[in-house]
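Asker: Input: one structure, supplied below.
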Amino acid sequence: MYGPRQSSEPPKEPLIGGLVSDIVRDVRELIVEGATLTKLEVQDELGKAKTAAIEVGTGAVVLGIGALMLLLMIVHLLAALTAIPLWGCYGIVGAVLAVIGGILLVAGKSTVTLVGDLRRRRLFSWPKATRPTIRSMPPA
């Protein structure tokens, strides 16, 4: 009689609706936290990309100025070591640079043509029914 009191009611278990609402709330929190984390990671990566772009751009400008100074030095060295007038030395150095630039331009054009040929060959190697268009293909 004096022992623990026995109740006629069974122990209460959480209701299914309450469990489902807790799960939905937890999923919603996870999605919000994931979106926030993704946003912060993207902002961090954009900050790194911005810093890298500034560094590369500054380096390119300094490199260009240095190359210009070296070209001027070569022109004046050529004028000092030969009897060619200064304007002739500028012409010689300019002509050499034009030839080098032309060679690089032709080499680059042939590389671009080669890449285009590879894309066309890859495109036409597909079966006709599943062949994508050139615009839908990823860059080679």
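Asker: Can you find a residue that is loosely packed, with under 10 Cβ neighbours inside 10 Å and assigned to a helix (DSSP H, G or I) anywhere in the range 31-40?
Answerer: No, that holds for no residue.
Asker: Considering each of Thr113, Thr58 in turn, give the residue that is modelled with pLDDT of 95 or more, among the polar types (S, T, N, Q) and assigned to a helix (DSSP H, G or I).
Answerer: Answer to the selection: Thr58.
Asker: Same structure again: Test each condition in (1) within 31 Å of the chain's Cα centre (by Cα); (2) more than 19 Å from Met73 (Cβ to Cβ); (3) modelled with pLDDT of 85 or more for Val99 and report the one that comes out false.
Answerer: (1)
The values are calculated or read from the model by the stated rules, or taken from the named source; none is laboratory data. What you see is a predicted model; the values in this text were computed from it and never measured. Ideal geometry is used to build each Cβ from the backbone, glycine not excepted, and the neighbour counts take in all protein chains shown.
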